[in-house]
Structure formats: structure tokens, C-alpha cells
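Okay, so here's the structure we're looking at.
The values are calculated or read from the model by the stated rules, or taken from the named source; none is laboratory data. Remember, predicted model here, so these are calculated numbers, not experimental data. Ideal geometry is used to build each Cβ from the backbone, glycine not excepted, and the neighbour counts take in all protein chains shown. Accessible surface is based on the protein model in full, side chains and every heavy atom, while ligands, DNA and RNA are left aside. Shrake-Rupley method; radii C 1.70, N 1.55, O 1.52, S 1.80 Å.
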Amino acid sequence: MSLHYWNYPTDILCGPSALDALAERCTLLGMRNPLLVTDPGMLSLEPLVLLKAHLTQADIPFSVFSEVASNPSMADVAQGVAAFKAGKHDSLIALGGGSAMDAAKGISLAAVDGQGLQRFEWSQVIAHYPTLADFPRLGLPPLIALPTTAGTGSELGREAVLTQSEENVKRVISHPELLPATVILDPVLTRGLPPTLTAATGMDALTHHIEAFCSPLYHPMSSGVAVEGIRLIQQHLIDAHANGQDMVAREGMLVASAMAAVAFQKGLGGVHALAHPLGARYHKHHGLLNAILLPYVLMANRETIAPDIARLARYLELPQADFDGFLDWVLDLRKRLGIPHSLAEIGLDADAASWVGEQALADISSSDTNACVLSADDYSQIFRNAVQGVLQGVRP
């Protein structure tokens, strides 16, 4: 008999006025001098202005750290740790997309445990910490997360994805105390997100849900979350893309994105196994890579996932409730959002196909949780297909 281990996350405040609770939550968590972690593109934008005004009005001192790349690196984290210690900070606030969230988590861990980024890298976690109860208690500083994009779901994750720049690979760092103490989902913070980023991050959330749903691991609660998350994206993504001021659509996408982090406790798959090395090597937006790769990986997994995808298509009330009907919906959604059809359209070629295949096979998203077993050669072929824009399987 198999023993299954499940766990669900944290306090969430959701709605167009959720930001108003920030100062109170800081007080409840004992946050007297937080370091506000964001990315450089946020410095002159409304979300940071609003957040700083709330902290200032509440007489909560803070500093801003914004040296965060779109694919945050170990070096970014090291700079953040220096800023955290120099400012004698006791807590963190992450404002932004997945890059800010991952950087803040990395800073939190490395500020307390200088070897934490190595000790809690995913391969070490698998080997030494099979359940959350097995992790050592570190007393990490409290973190409040305020997403300004609806894609990564990092605000509800216990992981940080950080780039090891010298090796062109992404490392997944995991510890239960990386989970933010409070998550604030305020659609007002996302209303300035440009349509292109709304599209890419929304497709990122969709990919999280689809890959979790198709994972072979047994986690029926997360499977149910994934199904409803996909429906919310079907309902809201086009509207959020067309009108960034649509607060109903913006809130729906924030909820769907956060739900995805709950869903992918069940695991991710081949899309992420490919997107991680491609993002580290070519510095392309993670959500955009996922959006382009998704149909090619669906085709590679088709034989295994077709029955489950047909059930999903029926739940979404698609006109053709089978694998082909679902794939057509994904392709049409991408087209309506202006997502390129091939990796060649964003400047990638197939020269590194062998390297990509090897890296994808080594990624944690391919090990136990892709819908079917794929080899390095299979991943190389999926990559070539995605470069060329050819939708086909990887086996004869």
C-alpha cells in the first residue's frame, strides 16, 4: 500500500482592497523593518508607489532592494543578503512577479543559513527531507508576498527557482519556511501589466495547471484545483488581456495563478523541463517559453494523457470534447493572445538540441511527474519541433 503525503498552504487576502491590510499584517507578524524586494522595472510603477505609501503612513521603516534579474541568480540573492544585513532588516516583502518572489525567498534563506541554497537544493531535499516535518527549523524571517502578475504562483510556493549563471542551469531551492506568511492578492496591483506580459504570465499559469493535472502522481485534491484553475483561466484571461482595468478578470487570473501553485504540488512536466534550461541559457521570459512549448509537449504526451484531457475538455464545455478539441482551444488561445507559434520566432535555433535534451531529462519536472517517460532524445526532438513549429509526436 502506498502512503501519500499532502499539504496545503498559507493565509491569503484577496480582493481590490486587499492591500489595505498590509500594515496590519506587518504588525501581526512582528515585521518592524522589512526589506522590500522587487525588480528594477517596478521602481516607477503604481504598485510600488501604493505599497510604499501604505508602509510610510503606518510608520513602518523599510528599504528597497531591486537588483533582481528576470531570471534571478544566486548572485542577485547574494547582493540581497548584503542589503538585508546592512539595513538590519528583520523581514521581507516581495512585490512583483516570480523573479521578485524567488529572490526574496532566496534572500530569506541565505541570510540565516549561508549554505542554505546548497543544502536545500532539490536533489538534496529529495535525498534527506521526504516530508515537511523532516526539514530542520531555521527561523527564517517572515515574508509577505504581493504578486503583480498572474502567472508563476510563487506566492504560494515553498520553492525558489534561481539561476546558477556560470553553469547556465536553474536550481530549485525548497524549504517549508520559504512559504510566505501572508499572501495579498489585490487586482489593483496588476492593472498596469502590459498585454504581452498578461498573455505570457497567464499562459504560464495555464501550463502549471495542465501539467499538474496530467502528472501521474496521485493527488486528487490538487487535480481538482487544477481543473477549476483551468476553467478560471478560460473565463478570464482573454478579458484581462483585452482590458487591463477589468478588475473582475484581473482578480480571476490572480486566483487562478495562486491556485496553480497548490495544484503543482502534484508535479510539473516536460514543458517546464524544457523551459528551465532554455530560460537559463537564452534569458527568455519563463512564461513565454512555457506558452510556446505547451502544445508540443502535449503532442509528445498525447498517447498517455488523451483520456484525461478528454474529461477536462468536457468540463470546459469545449465544442469538441477530446484531445484534438483541447489542443485546438490551446492553439486558438495562444493566437488570440499574440503568442508566437514557434521558438524560432523569438530567436532560438535547434543547434543546441542535444544539450537541451540532456538538461531537460535532468530537470526535476521530467523525473517522476511528466505524464509519460521521455528520453533525452525525445526532449531534443520536442525542442526541434518547437523551433520549427511542427506539431507532431516524438515517437514513430
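Exactly one residue out of L55, L51 is touching a residue at least 60 places away in the same chain (Cβ under 8 Å), within 17 Å of A145 (Cα to Cα) and in contact with a Leu (Cβ under 8 Å, 6 or more places away or on another chain), and it is L51. For the residues L179, L197, L156, L143, the requirement of being among the aliphatic types (A, V, I, L, M), within 24 Å of P72 (Cα to Cα), open to solvent by 40 Å² or more (accessible area, probe 1.4 Å) and at pLDDT 90 or above singles out L197.
Considering segment 327-383 alone, what residues qualify as being among the hydroxyl-bearing types (S, T, Y), assigned to a helix (DSSP H, G or I) and surrounded by fewer than 21 Cβ atoms within 10 Å (Cβ to Cβ)?
Listed by number, the residues that qualify are S354, S367.
Here T304 does not fit the description of being modelled with pLDDT under 95, β-branched (V, I, T) and over 19 Å from V169 (Cα atoms). Scanning segment 1-18 for residues that are outside any strand (DSSP E or B) and either under 20 Å from S108 (Cβ atoms) or modelled with pLDDT of 95 or more (or both) yields a total of 3.
Does V81 fit the bill of being assigned to a helix (DSSP H, G or I), closer than 29 Å to L197 by Cβ and over 19 Å from the mean Cα position of the chain (by Cα)? Taking the combined requirement at face value, the residue satisfies it.
Looking across segment 19-70 at every residue that is open to solvent by 30 Å² or more (accessible area, probe 1.4 Å) and of a type in the set (V, I, T), the one that is nearest to the chain's Cα centre (by Cα) is identified as V64. Evaluated against (1) of a type in the set (V, I, T); (2) within 22 Å of K170 (Cβ to Cβ); (3) assigned to a strand (DSSP E or B), I107 falls short on exactly one condition, (3). Within segment 333-352, if we keep just the residues that are modelled with pLDDT of 95 or more and of a type in the set (A, V, I, L, M), the residue that is nearest to Y218 (Cα to Cα) turns out to be L333. Of note, A160 satisfies the criterion of being over 22 Å from P47 (Cα atoms) and either in a loop (DSSP other than H, G, I, E, B) or of a type in the set (A, V, I, L, M) (or both).
If you go through segment 74-133 and keep only what is touching a Gly at 6+ places or on another chain (Cβ under 7 Å), touching a residue at least 40 places away in the same chain (Cβ under 8 Å) and open to solvent by 40 Å² or more (accessible area, probe 1.4 Å), you end up with nothing.
Report yes if some residue within segment 267-278 is over 17 Å from T201 (Cα atoms), part of a helix (DSSP H, G or I), of a type outside the set (A, V, I, L, M) and modelled with pLDDT of 95 or more; otherwise report no. The answer is yes; a qualifying residue exists.
Of all the numbered requirements in (1) touching a residue at least 40 places away in the same chain (Cβ under 8 Å); (2) under 18 Å from the mean Cα position of the chain (by Cα); (3) buried (at least 19 other Cβ atoms within 10 Å of the Cβ), H219 misses one, and that requirement is (2).
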